[in-house]
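Rule-based calculations on the coordinates, nothing more; no lab input. Computed from a predicted model, the values in this text were never measured in an experiment. All Cβ positions, glycine included, derive from the backbone under ideal geometry; neighbour counts span all protein chains shown.
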Amino acid sequence: MIKWFALSLVLVLMLIPVAGFAQSDVSGDITFLSWRYQEDDLQWQELMAAFNERYPDVNVTAVYSPDAEYEQKVATMMAGNIPLDVMWMKNPYAVAFGDRGLLEDLNPWVEQSGLDLTQYFQDGIHEPGPEWWEGKLYALNAVTMSYFYFFNKDLFDEAGIPYPTNDWTMEEYLEIADQLTDLDTHQYGTNVRPWYGSYFVPWIWAFGGDWYAEDYSKVLWDSPETIAAHQFIADLINEYQVAPTLDMQETVGIDFSIQRIAMFYSGSWDIGGTEREPSKWPFRWGAVLPPHGPEGQHPLVHTNAVSMSTRSQNKDAAWAFIEWFIGKEAQMIIADHGDFPAHIEAAEEAAFLHMEPQDRDVVFAAANEGSLYRLGTPANPAVARIWVNYRDRIFLGQLTAEEALTEAAQEANEALQRLHVPPRN
């Protein structure tokens, strides 16, 4: 039986001793916290039914939390002694929660089970994923998210413009965006996302900059390259006028889905719904890697993962759920419902089969070749809040990127001095 709740309070620290390893005869109750699913989500219903068939003696209670309230939800459940066993996770949370003792180190569980991490995107392909901190593994990849540009083939055809290719440049991107912008009809060539890392970081890499120093001792926002990337993004809105303002996207509804944006930066998770009849996008569309900048092309990849709470009173059942959830059976179900499973074999066999082969290849190329979305410092949530305050002033044209990021970097580095503890190994 699945139950859904909504709660919110304050983050607390609670350390719970390590339990034993999962056994084949696990049983009892566990609670799974996630922002990912809704009660009527067919994917989730199918997943739970399959899990219950495999583990009939384990009862899972699913608890919903909006992403924006996730930290408060975790705190609420722990402060209120509400059961919490398995947690849906993204990497900024994994490091911050793990460093505070809220997440189990999964290394012993992985070793005991013989789980091969090289079977998964990101973990084990290039380097250990961003769920690692100080040698501890706080989450296991469940859903891969690669990032690229969707483009509306119908709008390109109507304008007589060739489709973009994976070797395109930043200058070509801007030229195409300009050709496909018609301010009189509120059609824009491209879009800008406010996302802290997954939109800005690939542009910053393309300009030759970075977000943090390698040891996370300081931010690099005030470097010429990072400033140039931010200014270019702001200019897409304010100078070139090829992208709608954030307000136009969020409140007026200027969006890819209604054919008002020709080239739309988003991630593989946005493909979900296009496999249905009718598709959520009632037009022909394709996918292309981000354009090359002065310092190359840098698609990005990161994860949604699953973690075990140190507070769990039934860690054997919690691990059974985690191991099953990232196993091929569950991952095939995830693929069937339009998501990008972390399990490589499941993804290759079942993910995005409705897409044109060349477009599907882009999704996988971004996952295989993309750089890790790594914001691995427990101080990252505080640093992110500082950047957001200045990002909006850049977008609104109140400050140049150089003015804003010079101030923002100083504040962020002061926060890092107070909050960041370098890895000890």
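Which of Pro291, Ala320, Val192 sits closest to the plus end of the dipole of the chain, meaning its Cα is farthest towards the positive end, when Lys and Arg get +1 and Asp and Glu get -1 on the C-beta? Of the candidates, Ala320 comes out farthest on the positive side. Of the beta bridges in region 147-300, as assigned by DSSP with both residues counted there, near 80 percent are antiparallel. Regarding region 272-352, what is the average projected area of its C-alpha convex hull, in nm²? If I average the Cα hull's projected area over directions, I get 8.5 nm². The value given for region 39-89 is a Kirkwood hydrodynamic radius of 12.6 Å, derived from the mean inverse Cα-Cα separation. Summing Cβ point charges (Lys, Arg +1; Asp, Glu -1) relative to the Cα centre of the chain gives a dipole of roughly 1240 debye. Of Phe340, Phe156, Val74, whose Cα points farthest to the positive end of the dipole of the chain (charges on the beta-carbon: +1 Lys, Arg; -1 Asp, Glu; origin at the Cα centre)? Sorting the options by dipole projection puts first Val74.
When the alpha carbon gyration tensor of region 268-425 is reduced to an equivalent ellipsoid, the three semi-axes, largest first, read 34, 27, 15 Å. Considering every alpha-carbon pair of region 177-258, the percent of pairs per 5 Å bin, from zero through the bin containing the longest distance, is 3, 15, 22, 21, 15, 11, 8, 4, 1, 0. The trypsin sites (Lys or Arg not before Pro) found in region 232-320 that occupy coil by DSSP, while having at most 15 further C-beta atoms within 10 Å, are Arg276, Lys280, Arg284. Between Thr274 and Val388, residue separation times 0.36 nm minus the direct Cα-Cα distance comes to 37.9 nm.
Look at the alpha carbon pairs under 8 Å that are at least 6 residues apart: their mean separation over the length of the chain gives a relative contact order of 26 percent.
Helical content of the chain, expressed as a calculated mean residue ellipticity at 222 nm, amounts to -11000 deg cm²/dmol (DSSP H runs of 4 or more residues, -39,500 (n - 2.57) each, divided by residue number, nearest 500). Summarising the strand pairing of the chain, around 65 percent of its internal DSSP beta bridges are antiparallel. The smallest convex shape that holds all Cα atoms of the chain, its convex hull, gives 141 Å³ per residue. Across the cross-link table entries Lys90/Lys280; Lys280/Lys328; Lys218/Lys315; Lys90/Lys218; Lys73/Lys153, which are compared at the Cα atoms, the separations over 31 Å belong to Lys218/Lys315; Lys73/Lys153. With 10 Å bins beginning at zero, the pair-distance distribution over Cα atoms of region 147-300 amounts to 11, 40, 35, 12, 3, 0 %. Counting every alpha-carbon pair across region 331-394, the share separated by more than 13 Å comes to 71%. Which distance in Å, rounded to a whole number, links the C-alpha centroids of region 232-262 and region 142-162? The distance from the Cα centre of region 232-262 to that of region 142-162 comes to 15 Å.
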